[in-house]
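Structure first, then comments.
The values are calculated or read from the model by the stated rules, or taken from the named source; none is laboratory data. What you are looking at is a predicted structure, and each value in this text was computed from that prediction instead of being measured. Heads up, the Cβs are rebuilt from the backbone with ideal geometry, glycines too, and the neighbour counts pull from every protein chain shown.
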Amino acid sequence: MSDLPLFPMQEIGSLMKPRWQLLGQRGEPLDARALDELEIWEKRLPLADGPMAATVKALRAGRPREAGAEAVRDLGALFALRFFESVGLHRVYDGEARRIEMYEHAIRQMRGFQFQGHVRSFDNKYYLKAAGTGEIRLERPYHLEEFDFVQRHARATPKIPITGAYTLADWSYNEYYLSRTTGWKNRATRRSAQREFVVEIARQALRPTIAALVAAGARVIQIDEPAAGTHPDEADLVVEGFNAATDGIDAEFSMHICYSDYRDLYPALLEAKRCRQWAWEFANRDFEDRDGYAILNLLNEYGDPREVGLGVLDVHRDEIESPELVADRIRRTVRILGDPRRLWINPDCGLRTRSLDVAYAKLEAMAKGAQQVREEYEPSRR
């Protein structure tokens, strides 16, 4: 981090896909709303002056099929990169412009699974759930094409997010590994089968994928484990999956765990050997009568020296945080942890639940708030 300022900034994951991208990649002419959106953002983040000029021209002319779906996805990915970079983020990705979700695509790259149908995850959201029906084997490493595009076009450092082994296992039915056990399927037996399921996904699918990404040039990798807080008594399985997936790989790893009671995951998380940074949410729980950052005392209690990806933006509300509020949240964290060099500044989670206008305004406030505190600690950088 020596070449970076204090309080460097990063994104966490997904960004809402522009309407022009959704229509364009389906081959549908842009409606008035999508055209307005394209024109407004193209002025703010010029995209038509480089390799995407022909795609922008085809979309404007109502001929998206001339460009093709993949070219429109490329434009969406470039848009997200410039979206993040124009705010000043130091680590970026493409807003997951080519991804529909974080589970199905990964599972489709593996043998040993059969899809069973859609299940409800929360509210009116559904996902296609698979059952583990055989030994896990990787068909081919995934995310390589999207990373190649990001690496060729990013001006800031790419940071690729990957769904973790524990989450992939937890969101699947574990039939094969459980069926190999004998006797009554009690809690201990089910836990042992789940451990085997997690570790096999990590060893047979995630590790080869991560190794291929690193060989392609990836240096910063975020392992997403949104399921970690669902069963806190299985935090050790989260760690085993992380360790098996990253074993022997030379890269900088972080683990993103959102919307959890982090106290319930300690001390198990301490054993995540190659995890350099925790990327957690805090703004979502921060109110006038409740300090959402006090949970960081947990790291002091356990002597955990890792970096913190500090969530300072609530991604579930349209209200734009003021730069002063962002700065206050950073200051509070420095008082708790003591060392400002341990902090990266980011939203709580991916911003895909917010409109592009709201997301951009939030990121601008984040950048201004980080700069305020940066000038207090490094006045020479003003």
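General observations
- Taken over region 255-266, the criterion of being at pLDDT 95 or above and either within 10 Å of the chain's Cα centre (by Cα) or aromatic (Phe, Trp, Tyr) (or both) is satisfied by 255, 256, 257, 262, 266.
- Matching residues in region 43-70 - criterion: being hydrophobic (A, V, I, L, M, F, W, C), part of a helix (DSSP H, G or I) and crowded, with 19+ Cβ neighbours inside 10 Å: 56, 58, 59, 67
- Pairing residues of region 349-375 that are touching a residue at least 24 places away in the same chain (Cβ under 8 Å) with residues that are among the polar types (S, T, N, Q) and not in a loop (DSSP other than H, G, I, E, B), at Cβ distances under 8 Å and at least 6 apart in sequence or on separate chains, gives 366/346.
- Flag for residue 360 being hydroxyl-bearing (Ser, Thr, Tyr) and surrounded by fewer than 17 Cβ atoms within 10 Å (Cβ to Cβ): no
- Checked against the criterion of being part of a helix (DSSP H, G or I) and closer than 16 Å to residue 296 by Cα, the candidates 348, 328, 357 yield just one match: 328.
- Matching option when the condition is closer than 29 Å to residue 156 by Cβ and surrounded by 22 or more Cβ atoms within 10 Å (Cβ to Cβ), among 218, 211: 218
- Of all residues in region 163-189, those that are under 23 Å from residue 203 (Cβ atoms) and charged (D, E, K, R) total 3.
- If you go through region 269-290 and pick out every residue that is out of contact with any strand residue (DSSP E or B) (no Cβ under 6 Å at 6 or more places or on another chain), within 15 Å of residue 317 (Cβ to Cβ) and part of a helix (DSSP H, G or I), you end up with 2.
A quick yes/no check of all residues on (1) at pLDDT below 90; (2) more than 26 Å from residue 15 (Cβ to Cβ); (3) out of contact with any helix residue (DSSP H, G or I) (no Cβ under 6 Å at 6 or more places or on another chain):
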site	(1), (2), (3)
96	no, no, yes
104	no, no, yes
111	no, yes, yes
123	yes, no, yes
128	no, no, no
134	no, yes, no
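- Screening residue 335 with (1) touching a Leu at 6+ places or on another chain (Cβ under 6 Å); (2) over 17 Å from residue 86 (Cβ atoms) gives one miss only, at (1).
- The helices (runs of 4 or more DSSP H) found wholly in region 74-172 and carrying at least 1 residues that are under 30 Å from residue 365 (Cα atoms) and touching an Asp or Glu at 6+ places or on another chain (Cβ under 9 Å) occupy 144-153.
- Neighbours by Cβ (under 7 Å, 6+ apart or cross-chain): first from region 23-40, part of a loop (DSSP other than H, G, I, E, B); second charged (D, E, K, R): 27/65
- Any hit, region 341-363, residues being of a type in the set (S, T, N, Q) and more than 22 Å from the chain's Cα centre (by Cα): no
- Out of 290, 276, one residue alone is of a type outside the set (Val, Ile, Thr), surrounded by fewer than 16 Cβ atoms within 10 Å (Cβ to Cβ) and at pLDDT below 95. It is 290.
- Test: residue in region 34-43 that is at pLDDT below 95 and basic (Lys, Arg): yes
- Candidates are the residues of region 71-117 that are acidic (Asp, Glu) and touching a residue at least 40 places away in the same chain (Cβ under 8 Å); the one that is farthest from residue 347 (Cα to Cα) is 74.
- Residues in region 3-62 that are β-branched (Val, Ile, Thr) and either more than 26 Å from residue 362 (Cβ to Cβ) or over 23 Å from the mean Cα position of the chain (by Cα) (or both): 40, 55, 56.
- Extreme residue, nearest to the chain's Cα centre (by Cα), among residues of region 120-150 that are closer than 15 Å to residue 104 by Cα and either of a type in the set (Phe, Trp, Tyr) or surrounded by fewer than 12 Cβ atoms within 10 Å (Cβ to Cβ) (or both): 142
- Pairs with Cβ under 6 Å, 6+ apart, first in region 328-342 and farther than 14 Å from residue 282 by Cα, second assigned to a loop (DSSP other than H, G, I, E, B): 340/6
- Residue within region 184-192 that is surrounded by fewer than 17 Cβ atoms within 10 Å (Cβ to Cβ) and either in contact with a Phe, Trp or Tyr (Cβ under 9 Å, 6 or more places away or on another chain) or within 30 Å of residue 76 (Cα to Cα) (or both) present: yes
- Residue satisfying condition, being under 30 Å from residue 374 (Cβ atoms) and among the small types (Gly, Ala, Ser), within set 97, 71: 97
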